[in-house]
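Colleague: This is the structure, below, for whatever I ask next.
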Amino acid sequence: MFKATIGNQRYSFDNLAILLAKASPHRSGDVLAGVAADSAQERVAAQIALADLPLRHFLNEAVVPYESDEITRLIVDRHDPAAFAPIAHLTVGEWRDWLLSDATTTETLSQIQPGITPEMAAAASKLCRVQDLIAIAAKCCVVTRFRTTIGLPGRLSVRLQPNHPTDDPAGVAASIADGLLLGAGDAVIGINPASDSPDRTHQLLCLLEEIRVKLDLPTQSCVLSHVTTTLDLIRRGSPVDLVFQSIGGTEATNRSFGISLDLLAEAHAAAQSLGRGTIGNNLMYFETGQGSALSANAHHGVDQQTLEARAYAVARHFQPLLVNTVVGFIGPEYLFDGKQIIRAGLEDHFCGKLLGLPMGCDVCYTNHAEADQDDMDVLLTLLANAGVNFVMGVPGADDVMLGYQSTSFHDVLAVRELLGLRPAPEFDDWLLKQGLLNQDGKVRLSELPSPVRKLMLPQ
Amino acid sequence: MSSHSHDQTVPSAEPRDRLERDAFWERLRHVTPARIGLATTGASLATTPLLDFRIAHARARDAVTAPFDSAAFQAVLASSGQDVLGVSSMASDRREYLLRPDLGRQLAKADHLALAERARPCDLAIVLADGLSPAAVTRHGPPLLEKILPQLTAEGWRLSPLIVVERGRVGIGDAIATALGARAVLVMVGERPGLSVQESVGLYITWAPTGTTTDADRNCISNIWQFGLSYDAAAFRLHGLLKQMFVRRLSGVMLKDDAITDASGRSIDAVEGDDIGFDLQSR
């Protein structure tokens, strides 16, 4: 039982899950789940009680039962007491102060990372304002490698997302050309296939491989099919760089996705055995998003932001190349408007970075949410300041297959120039070699690079 | 000036380069509806493509909030000789439908009885729901059913009446199939409007649906509209999946459509036909 008093009003919260949920900033998904605070004052009361809670408490009370949930077991069994020691004496409120203090540096943060549980990170985020979420995350540095180096300070990478309504190879290739000529694709060229057919997935993987080889592109490719499809294709000899999977923060959510930790481990090992990375072997690509557990009816009464952070425990276990919170994709029943989407994107980035993950964000919204491109500009600009590893590049911000809006190649280019951020170093060199950089180092197309012209118009 | 001429602002670009680039994008725009080769200024979008985007978003917003005339839609379906029944979800209006997907997956109380009256053992319950684009299911429902139903009927499948759902989500098909006593369910639903397409439908099939069915238990064929997946290709793929589903008695991630070939032995890729200039013979 946790308690707080505001004026004459006493508030109590029966357990940690309830306390975390009531302390969450307002969002439609928690209202839908019936776990949100009943009033603005109850929310602050929960935040006051949470601020007084010792971090040690999180090691003794699970929000989802240890016995019935393999993600709780992963979190508890993998917790590193030595890494936790420097913050073991703090309450959540004191930890927020510690995170913001001058003495806490990039190095300190990476040292305590194995001692932080997702629930601790989620708790701290609930006390933070947006500014804090940015300032703390900006101190974190998570670098991963496959064929490019992603997450270095001063860099902002892009997933080139060349989706096509019918997976038409020429159509996909046309969007890839557009993105490359605008400096996108250094995080990954990743296609969401319209079909889950293994044959079609194989065909798209071969297309990506052909483009990568012919253009001598320093990047990695991915077709975002189900992990079982990818595993089969690895066995069939398809050119698989990265293993993609959507993941959630409870075992039951992952069951609804048709996956388990064992299955992910099997796919991870299979892809590792291919040895396709040239400068590193981080090869898992995970996507997440607040609300997926409730959507799968697997939330255990826990708020959606805490569950999102628990998904990062799954990701952390597999040393991924990329973790992407697809923040506004799920719809208004979870994140109603631009305000909720913006805050959620920054919370996810913050929690992921604290937990040592190479966080990216699909800054996005659907047409049934109360949001528009102005909201995306705000979130993109804030995330770039927070040091986000990568964002999406979609032609004209309009995904013609998935039917939602994200960030465009132009959006990323403008933000890179605004903040002086460069692409991944290997990709930056490639842009220079192709003559795509002007004398100021800006990506400006003056002449089509001949390998691109030859590839796209082969006659 | 064309709204699509790429990068108008590079001062050093020779006219010859610009013509070449315009021709390049002109070629590529034939193979994708994606917004490629947009005019820029500096690193940013030029005004014309900026406003093009705003128009498309405004259309999509309007499509989400448009009303669904279920009675008129039922009349259209009935006019082709089909047995039709209209029902509603538990969501009472469009806003509640958007905020409460759980209600969109539950059948309105009164409709349980209406369905129970029509219950008799059948192989496949057929459900058409407005989803997030009422106009999509209104437009594509009748012609798509014309491609799907005759073959199933000819093969002796026992089909339910066509169930039209107001403010329905995919999961409501489970309750409908249960109430009707169907072995499996097919749900056609209006997909979330995008910028390029405000009217597309998806098909979802589920074997032996119950109250505990999850989305991993379903198979989906999405993006069906005039410039997306064609009616023929969708019906072909659906028929293959349905046959496999009934043979293997399951649906979901364990059911893949890789084994599908038509009578001539061609794969689905050949049926859909790519008349593109991109060499893909690396298999």
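Colleague: Would you check if A:ASP168 is open to solvent by 10 Å² or more (accessible area, probe 1.4 Å), facing another protein chain (nearest Cβ under 7 Å) and either free of Cβ contacts under 8 Å to residues at least 40 places away in the same chain or within 26 Å of B:ASP215 (Cα to Cα) (or both)?
Modeller: Criteria met by A:ASP168.
Colleague: Given (1) open to solvent by less than 10 Å² (accessible area, probe 1.4 Å); (2) closer than 30 Å to A:GLY277 by Cβ, identify the lone condition not met by A:GLU347.
Modeller: Of the numbered conditions (1) open to solvent by less than 10 Å² (accessible area, probe 1.4 Å); (2) closer than 30 Å to A:GLY277 by Cβ, the odd one out for A:GLU347 is (2).
Colleague: Is it the case that some residue within segment A:295-302 is in contact with a Leu (Cβ under 9 Å, 6 or more places away or on another chain) and open to solvent by 10 Å² or more (accessible area, probe 1.4 Å)?
Modeller: Within segment A:295-302, one or more residues are in contact with a Leu (Cβ under 9 Å, 6 or more places away or on another chain) and open to solvent by 10 Å² or more (accessible area, probe 1.4 Å).
Colleague: For the condition within 10 Å of chain B (Cβ to nearest Cβ) and either acidic (Asp, Glu) or in a loop (DSSP other than H, G, I, E, B) (or both), what is the one hit in A:GLY258, A:GLY275, A:GLY280, A:GLY249?
Modeller: Within the list A:GLY258, A:GLY275, A:GLY280, A:GLY249, the selection yields A:GLY258.
Colleague: Six or more apart or on different chains, Cβ under 6 Å: which pairs go from a residue in segment A:258-287 that's of a type in the set (Gly, Ala, Ser) to one that's open to solvent by less than 60 Å² (accessible area, probe 1.4 Å) and in a strand (DSSP E or B)? Could you list them?
Modeller: Qualifying pairs under 6 Å: A:ALA267/A:VAL243; A:ALA271/A:VAL243.
Colleague: Is there a residue being in contact (Cβ under 8 Å) with a residue 60 or more places away in the chain, hydrophobic (A, V, I, L, M, F, W, C) and in a loop (DSSP other than H, G, I, E, B) anywhere in segment B:80-97?
Modeller: Yes, the conditions are met somewhere in segment B:80-97.
Colleague: Here's a follow-up. So, in segment A:178-196, how many residues would count as being buried (at least 24 other Cβ atoms within 10 Å of the Cβ), among the hydrophobic types (A, V, I, L, M, F, W, C) and within 13 Å of another protein chain (Cβ to nearest Cβ)?
Modeller: Number satisfying all stated conditions: 5.
Colleague: Which one of these is under 12 Å from the mean Cα position of the chain (by Cα) and open to solvent by less than 30 Å² (accessible area, probe 1.4 Å): A:VAL240, A:VAL327? Walk me through how you get there before you give the answer.
Modeller: Working: A:VAL240 fails: under 12 Å from the mean Cα position of the chain (by Cα).
The match here is A:VAL327.
Colleague: So, one more: With the requirement that a residue be under 25 Å from A:ASN367 (Cα atoms) and either more than 7 Å from chain A (Cβ to nearest Cβ) or open to solvent by 20 Å² or more (accessible area, probe 1.4 Å) (or both), what does segment B:32-42 give you?
Modeller: B:PRO33, B:ARG35, B:ALA39
Colleague: Okay, next question. Can you find, within segment A:283-306, the residue that is nearest to A:LEU160 (Cα to Cα) among those that are assigned to a loop (DSSP other than H, G, I, E, B) and touching a Phe, Trp or Tyr at 6+ places or on another chain (Cβ under 9 Å)?
Modeller: As a first pass, look at segment A:283-306 and keep what is assigned to a loop (DSSP other than H, G, I, E, B): A:283, A:289-291, A:296-303.
Cutting the leftovers down to touching a Phe, Trp or Tyr at 6+ places or on another chain (Cβ under 9 Å) gives us A:283, A:289-291, A:296.
Details: A:LEU283: 17, A:GLY289: 19, A:GLN290: 23, A:GLY291: 25, A:ALA296: 29 Å.
That would be A:LEU283.
Colleague: Further question: For segment A:360-391, give me the residue count where each residue is within 14 Å of chain B (Cβ to nearest Cβ), open to solvent by less than 40 Å² (accessible area, probe 1.4 Å) and closer than 16 Å to A:ARG343 by Cβ.
Modeller: Step one: filter segment A:360-391 for residues within 14 Å of chain B (Cβ to nearest Cβ), giving A:364-377, A:380-381, A:384.
Filter once more, keeping what is open to solvent by less than 40 Å² (accessible area, probe 1.4 Å): A:364-369, A:371, A:373, A:375-376, A:380, A:384.
Those still in the list that are closer than 16 Å to A:ARG343 by Cβ too: A:364-365, A:369, A:371, A:375-376, A:380.
Total satisfying the criteria: 7.
Colleague: Let me ask another. Of the residues that sit in segment B:99-121 and are within 14 Å of chain A (Cβ to nearest Cβ) and in a helix (DSSP H, G or I), which one is nearest to A:ALA369 (Cα to Cα)? Explain how you work it out, then say what you get.
Modeller: Residues of segment B:99-121 within 14 Å of chain A (Cβ to nearest Cβ): B:99-106.
Narrowing the set further to residues that are in a helix (DSSP H, G or I) leaves B:99, B:101-104.
Details: B:LEU99: 10, B:PRO101: 14, B:ASP102: 17, B:LEU103: 18, B:GLY104: 17 Å.
Step by step, filter segment B:99-121, then rank; the result is B:LEU99.
Colleague: Restrict the check to segment B:43-63 and report whether at least one residue is facing another protein chain (nearest Cβ under 7 Å), crowded, with 20+ Cβ neighbours inside 10 Å and either among the polar types (S, T, N, Q) or in a strand (DSSP E or B) (or both).
Modeller: Yes; the residues of segment B:43-63 include at least one that is facing another protein chain (nearest Cβ under 7 Å), crowded, with 20+ Cβ neighbours inside 10 Å and either among the polar types (S, T, N, Q) or in a strand (DSSP E or B) (or both).
Colleague: Being in a helix (DSSP H, G or I), more than 14 Å from chain B (Cβ to nearest Cβ) and open to solvent by less than 10 Å² (accessible area, probe 1.4 Å) is the filter here; which residues of segment A:18-47 pass it?
Modeller: A:LEU19, A:LEU20, A:ALA21, A:ALA45, A:ALA46
Colleague: A:LEU59 - would you say it is within 30 Å of A:ARG416 (Cβ to Cβ) and open to solvent by 20 Å² or more (accessible area, probe 1.4 Å)?
Modeller: no
Colleague: Which numbered condition in (1) touching a Leu at 6+ places or on another chain (Cβ under 9 Å); (2) open to solvent by 10 Å² or more (accessible area, probe 1.4 Å) is the only one that A:GLU209 fails?
Modeller: Condition (1) is where A:GLU209 drops out.
Colleague: Which condition breaks for A:GLU417 when tested against (1) closer than 27 Å to A:PRO25 by Cβ; (2) within 14 Å of chain B (Cβ to nearest Cβ); (3) open to solvent by 10 Å² or more (accessible area, probe 1.4 Å); (4) assigned to a helix (DSSP H, G or I)?
Modeller: (1)
Colleague: Determine if segment A:223-239 includes at least one residue that is part of a helix (DSSP H, G or I), touching a residue at least 12 places away in the same chain (Cβ under 8 Å) and closer than 12 Å to A:GLU287 by Cβ.
Modeller: First, pick out the residues of segment A:223-239 that are part of a helix (DSSP H, G or I): A:227-235.
Within this subset, residues satisfying the condition of being touching a residue at least 12 places away in the same chain (Cβ under 8 Å) are A:227-235.
Checking the rest, the ones that are also closer than 12 Å to A:GLU287 by Cβ come to A:227.
Checked segment A:223-239: at least one residue is part of a helix (DSSP H, G or I), touching a residue at least 12 places away in the same chain (Cβ under 8 Å) and closer than 12 Å to A:GLU287 by Cβ.
Colleague: Of all residues in segment A:71-80, how many are part of a helix (DSSP H, G or I) and open to solvent by 40 Å² or more (accessible area, probe 1.4 Å)?
Modeller: Within segment A:71-80, residues that are part of a helix (DSSP H, G or I) and open to solvent by 40 Å² or more (accessible area, probe 1.4 Å) number 3.
Colleague: Let me ask something else about it. So, in segment A:102-141, how many residues would count as being among the aliphatic types (A, V, I, L, M) and open to solvent by 20 Å² or more (accessible area, probe 1.4 Å)? Walk me through how you get there before you give the answer.
Modeller: At the first step, the residues of segment A:102-141 found to be among the aliphatic types (A, V, I, L, M) are A:103, A:109, A:112, A:116, A:120-124, A:127, A:130, A:133-138.
If we keep only those that are open to solvent by 20 Å² or more (accessible area, probe 1.4 Å) as well, we get A:103, A:127, A:130, A:134-135, A:138.
The number of residues fulfilling the criteria is 6.
Colleague: Condition first: facing chain A (nearest Cβ under 10 Å) and either under 30 Å from B:THR178 (Cα atoms) or exposed (fewer than 15 other Cβ atoms within 10 Å of the Cβ) (or both). Can you find one or more residues in segment B:70-90 that meet it?
Modeller: Taking segment B:70-90 as the starting set, the residues that turn out to be facing chain A (nearest Cβ under 10 Å) are none.
For segment B:70-90, residues facing chain A (nearest Cβ under 10 Å) and either under 30 Å from B:THR178 (Cα atoms) or exposed (fewer than 15 other Cβ atoms within 10 Å of the Cβ) (or both): absent.
Colleague: Can you tell me which of B:ARG169, B:ARG139 is in a helix (DSSP H, G or I), of a type outside the set (Gly, Ala, Ser) and crowded, with 17+ Cβ neighbours inside 10 Å?
Modeller: On the way: B:ARG169 fails: in a helix (DSSP H, G or I).
Unique residue meeting the criteria: B:ARG139.
Colleague: With the requirement that a residue be in a loop (DSSP other than H, G, I, E, B) and open to solvent by less than 20 Å² (accessible area, probe 1.4 Å), what does segment A:307-322 give you?
Modeller: Passing the criteria: A:PHE318, A:PRO320, A:LEU321.
Colleague: Please go through segment B:199-238 and pick out each residue that is more than 11 Å from chain A (Cβ to nearest Cβ), open to solvent by less than 20 Å² (accessible area, probe 1.4 Å) and assigned to a helix (DSSP H, G or I).
Modeller: Correct list: B:ALA235, B:LEU238.
Colleague: What's the number of the only condition in (1) more than 7 Å from every other protein chain (Cβ to nearest Cβ); (2) part of a helix (DSSP H, G or I) that A:GLY435 fails to meet?
Modeller: Evaluating A:GLY435 over (1) more than 7 Å from every other protein chain (Cβ to nearest Cβ); (2) part of a helix (DSSP H, G or I) leaves (2) as the failure.
Colleague: Which of the following residues is buried (at least 19 other Cβ atoms within 10 Å of the Cβ), in contact with a Lys or Arg (Cβ under 7 Å, 6 or more places away or on another chain), among the hydrophobic types (A, V, I, L, M, F, W, C) and not in a helix (DSSP H, G or I): B:LEU132, B:LEU186, B:LEU162?
Modeller: Sole residue among the options that is buried (at least 19 other Cβ atoms within 10 Å of the Cβ), in contact with a Lys or Arg (Cβ under 7 Å, 6 or more places away or on another chain), among the hydrophobic types (A, V, I, L, M, F, W, C) and not in a helix (DSSP H, G or I): B:LEU132.
Colleague: Given (1) assigned to a loop (DSSP other than H, G, I, E, B); (2) open to solvent by 20 Å² or more (accessible area, probe 1.4 Å); (3) of a type outside the set (A, V, I, L, M, F, W, C), identify the lone condition not met by A:ASP199.
Modeller: Here A:ASP199 meets the rest and fails (1).
Colleague: Exactly one condition in (1) part of a loop (DSSP other than H, G, I, E, B); (2) without any contact (Cβ under 8 Å) to a residue 12 or more places away in the chain is not met by A:SER68; state its number.
Modeller: (2)
The values are calculated or read from the model by the stated rules, or taken from the named source; none is laboratory data. In this text, all values refer to a predicted model and were calculated from it rather than measured experimentally. All Cβ positions, glycine included, derive from the backbone under ideal geometry; neighbour counts span all protein chains shown. Just so you know, the surface numbers come from the protein's heavy atoms only, side chains and all, with ligands and any DNA or RNA stripped out. Shrake-Rupley method; radii C 1.70, N 1.55, O 1.52, S 1.80 Å.
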